[in-house]
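Trainee: This is the structure I want to talk about, given as structure tokens.
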Amino acid sequence: MKEFYARLFARPALAVELVTATFFISILALASPLFVMQVLNRYVAQGIDATLITLTTGVLIAVAMEFIFREARTRLAARASARPDEDVAAISFDTLTRSRLEALDRVPPEMRREILSGISTVEQAYSANNISAILDVPFALLFIFVLYVLSPILATVVTGFVILVFVIGLVGQAAMNEKTTELTNESGKTSSLLSTAIREGETVRVFNAGAFLRKGWQSQSHIVQSLRRKLNDNQGVVQSLTQTANALMSVVVIVVAGVLTVRGHLDVGAMMGTNLLGARAMQPIARFAQLGGTLAKARQALGVLREFAKLPLERDRGSAIAAYSGGLEFRDVSFSHQGSTNPLFESLNLKLEPGSVLVVTGANATGKTTFARLILGLFEPSRGFVLADGLDLKQAAAEWWRRQIIYLPQEPSLLNATLEENLRINNPEIDPHRVNEVVDATGLRKFVDESQNGLEMQIVDNGWRLSEGTRRRIALARALLSDGKLVLFDEPTESFDAEGIAMVHNTLGRLARDGRTIIVISHDPKIVRGRHIVLDLNQKPIPLVANVPGVVAGEAPAPEGGRQVGRG
């Protein structure tokens, strides 16, 4: 209930309006049982039609007013939840897009999807109707008070049943908490299988992995369905007990009221009215009890979302250099993944002057990707500093820094947006003429011209439906449009044909002649011809840094033998 109170009192004026509306709804709800009592005691006894008309008119006005107040409360309750729902969604997506990558990588993708699906669970739990139902609970005391005025004995009977149903609801919520947590974890595993079946259809079929996935799916489906059945059974028991208690209360109230009527302590109208008042007192309590499962799921989802939101975020503010020249320095840098006993590398000292060329080489798992992530500011060194023109990247504004880098990843993915939006993503204000120049330079013109909507074509499935060569050309164009001073290419010729490889080499040559600082990550230490620096990550724990003589660093880096490099 903490979340309910937090939402209710986040806007005190709105909370007052909600409580006031609920009070008037409860007062007006008394009209129906009082109408029954007056009709039986006055009209039936006296037979005066004017009395019936007056009573009917009064109760109709009360019913209409109650409807108006209920509609007003529903709108107020929707307003009370609108901002918290937006905040939960915004904080969760903000964490997903701004948390430090090393921390986010420790949360499996399928679990991230389950976590974010909890947003809708919270929204449903604290909908306007459910908030209204919870607000009605304390006002059950109003009906019990009126019952007490009519008959203390009947008020005691109804109070006993109300307390019983309320306890049933609380116990039911507690019983569902553990099962809800377990269901969330198992649903994440199911999502992983589903994602594989959807995204990797070719692999599943070519390597006959269907039987393996189906077996896993059947096993997980059995576990998930079993947990859901248990949750539904628990909720069903709560509902059955609530309905049974409600029926028993009605029987007991009628019996006791009947005895009191026969003994002259109540009249017939009061006997019928007390039954209606008891039912109205029980109604919000019963509804609250039946909300147990929904509130338990929401509580679990909120707990997971709040833990997720604790992931450390990248800085949205920081220092920036007015005119970055392309200099980069690693000063006594060491890096270890969390939980690892051995560093990927340590005591790395390397200084790149503007216009330098660096080749980073090493076998798989030697730290080439980690090295790139350190440059991009996605990871922070365990020790030491990465400096851009003397500015510690830990203090730099992340958005500014990444606009200084022309980055081509080894396995590029795209946004589900238009082609032009993908190209402009890191430099939205770029001149359209420059966009077309880069489209031509990267060999994308034919692809654009053959697309029905040209640059407005929609990229779907993050570009994975495109051929790998086309996707890499788009990624290269996206990188070049950032127009940074530092070039970082990871296995730049991978998946390109001879024409594509030549295009990459020409691009690197132009960038070198422009005086950009170039870093090429590759298995092949001889990918660059000419004067350059080699960083060999095969050497452990301190990487080998060597200068390779040749032509001046400003000349175009070029492959030796034109061979295609492997995957890093």
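Trainee: Can you name every residue in the stretch 28-78 that is among the basic types (Lys, Arg), modelled with pLDDT of 90 or more and surrounded by 14 or more Cβ atoms within 10 Å (Cβ to Cβ)? So that I can check it myself, show each step before the final result.
Mentor: Taking the stretch 28-78 as the starting set, the residues that turn out to be among the basic types (Lys, Arg) are 42, 70, 73, 75.
Subsequent filtering for residues that are modelled with pLDDT of 90 or more retains 70, 73, 75.
Once the filter is applied, which keeps residues that are among the basic types (Lys, Arg), modelled with pLDDT of 90 or more and surrounded by 14 or more Cβ atoms within 10 Å (Cβ to Cβ), the stretch 28-78 yields Arg70, Arg73.
Trainee: Then there's this: If I filter the stretch 139-154 for residues that are in a helix (DSSP H, G or I), in contact with a Pro (Cβ under 6 Å, 6 or more places away or on another chain) and in contact (Cβ under 8 Å) with a residue 12 or more places away in the chain, do I get at least one hit? Show your work before the answer.
Mentor: Restricting attention to the stretch 139-154, the residues satisfying the condition of being in a helix (DSSP H, G or I) are 140-150, 152-154.
Adding the requirement that they be in contact with a Pro (Cβ under 6 Å, 6 or more places away or on another chain) leaves 140.
Still in the running and in contact (Cβ under 8 Å) with a residue 12 or more places away in the chain: 140.
Yes, the stretch 139-154 contains a residue that is in a helix (DSSP H, G or I), in contact with a Pro (Cβ under 6 Å, 6 or more places away or on another chain) and in contact (Cβ under 8 Å) with a residue 12 or more places away in the chain.
Trainee: Does Val238 meet the test of being touching an Asp or Glu at 6+ places or on another chain (Cβ under 7 Å), in contact (Cβ under 8 Å) with a residue 12 or more places away in the chain and either of a type in the set (S, T, N, Q) or within 29 Å of Leu302 (Cα to Cα) (or both)? Break it down into steps so the answer makes sense when it comes.
Mentor: Values: touching an Asp or Glu at 6+ places or on another chain (Cβ under 7 Å): no; in contact (Cβ under 8 Å) with a residue 12 or more places away in the chain: yes; either of a type in the set (S, T, N, Q) or within 29 Å of Leu302 (Cα to Cα) (or both): yes.
No: the conditions fail for Val238.
Matching residues to (1) closer than 27 Å to Ala128 by Cβ; (2) at pLDDT 80 or above; (3) in the same structural domain as Ile134 (by TED's automatic domain parsing):
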{"site": "Leu193", "(1), (2), (3)": "no, no, yes"}
{"site": "Val204", "(1), (2), (3)": "no, no, yes"}
{"site": "Ile223", "(1), (2), (3)": "no, yes, yes"}
{"site": "Asn246", "(1), (2), (3)": "yes, yes, yes"}
{"site": "Val255", "(1), (2), (3)": "no, yes, yes"}
{"site": "Val259", "(1), (2), (3)": "no, yes, yes"}
{"site": "Leu266", "(1), (2), (3)": "no, yes, yes"}
{"site": "Met271", "(1), (2), (3)": "no, yes, yes"}
{"site": "Met282", "(1), (2), (3)": "yes, yes, yes"}
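Trainee: With respect to Tyr407, determine if the residue is among the aromatic types (Phe, Trp, Tyr) and farther than 30 Å from Met457 by Cα. Walk me through how you get there before you give the answer.
Mentor: Values: among the aromatic types (Phe, Trp, Tyr): yes; farther than 30 Å from Met457 by Cα: no.
The answer is no for Tyr407.
Table: residues versus (1) assigned by TED's automatic domain parsing to the domain that holds Arg373; (2) aliphatic (A, V, I, L, M); (3) over 22 Å from Arg373 (Cβ atoms).
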residue: Asp440; (1), (2), (3): yes, no, yes
residue: Leu455; (1), (2), (3): yes, yes, yes
residue: Gly469; (1), (2), (3): yes, no, yes
residue: His505; (1), (2), (3): yes, no, yes
residue: Leu508; (1), (2), (3): yes, yes, no
residue: Ala512; (1), (2), (3): yes, yes, yes
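Trainee: Can Ala365 be described as small (Gly, Ala, Ser), in the same structural domain as Asp332 (by TED's automatic domain parsing) and without any contact (Cβ under 8 Å) to a residue 24 or more places away in the chain? Don't jump to the end; show me each part of the working.
Mentor: Details: small (Gly, Ala, Ser): yes; in the same structural domain as Asp332 (by TED's automatic domain parsing): yes; without any contact (Cβ under 8 Å) to a residue 24 or more places away in the chain: yes.
So Ala365 fits the description; yes.
Trainee: Got a number for residues in the stretch 304-333 being closer than 30 Å to Val165 by Cα and either at pLDDT 85 or above or assigned to a loop (DSSP other than H, G, I, E, B) (or both)? So that I can check it myself, show each step before the final result.
Mentor: Taking the stretch 304-333 first, the residues closer than 30 Å to Val165 by Cα are 304.
Applying the additional criterion that residues be either at pLDDT 85 or above or assigned to a loop (DSSP other than H, G, I, E, B) (or both) yields none.
The qualifying residues number 0.
Trainee: Right, another one. Quick check: anything in the stretch 192-199 surrounded by fewer than 16 Cβ atoms within 10 Å (Cβ to Cβ), in a helix (DSSP H, G or I) and more than 23 Å from the chain's Cα centre (by Cα)?
Mentor: Checking the stretch 192-199: not a single residue is surrounded by fewer than 16 Cβ atoms within 10 Å (Cβ to Cβ), in a helix (DSSP H, G or I) and more than 23 Å from the chain's Cα centre (by Cα).
Trainee: Output the residue which, of all residues in the stretch 356-380 that are in a strand (DSSP E or B) and in contact with a Pro (Cβ under 8 Å, 6 or more places away or on another chain), is nearest to His337 (Cα to Cα). So that I can check it myself, show each step before the final result.
Mentor: Going through the stretch 356-380, the residues in a strand (DSSP E or B) turn out to be 357-361.
Subset that is in contact with a Pro (Cβ under 8 Å, 6 or more places away or on another chain): 357, 359, 361.
On the way: Val357: 28, Val359: 23, Thr361: 20 Å.
The extreme case among them is Thr361.
Trainee: Would you be able to tell me the number of residues in the stretch 156-177 that are within 15 Å of Ser250 (Cβ to Cβ) and of a type in the set (A, V, I, L, M)?
Mentor: Counting residues in the stretch 156-177 that are within 15 Å of Ser250 (Cβ to Cβ) and of a type in the set (A, V, I, L, M) gives 5.
Trainee: If a residue must be over 26 Å from the mean Cα position of the chain (by Cα), assigned to a loop (DSSP other than H, G, I, E, B) and over 28 Å from Ser356 (Cβ atoms), how many such residues does the stretch 457-489 contain?
Mentor: In the first step, residues of the stretch 457-489 are kept if they are over 26 Å from the mean Cα position of the chain (by Cα); the result is 457, 466-489.
Cutting the leftovers down to assigned to a loop (DSSP other than H, G, I, E, B) gives us 457, 466-467, 481-485.
Keeping just the survivors that are over 28 Å from Ser356 (Cβ atoms) gives 457, 466-467.
Residues flagged as over 26 Å from the mean Cα position of the chain (by Cα), assigned to a loop (DSSP other than H, G, I, E, B) and over 28 Å from Ser356 (Cβ atoms) within the stretch 457-489 amount to 3.
The values are calculated or read from the model by the stated rules, or taken from the named source; none is laboratory data. What you see is a predicted model; the values in this text were computed from it and never measured. FYI the Cβ positions are ideal-geometry reconstructions off the backbone, even for glycines, and counts take in every protein chain you see.
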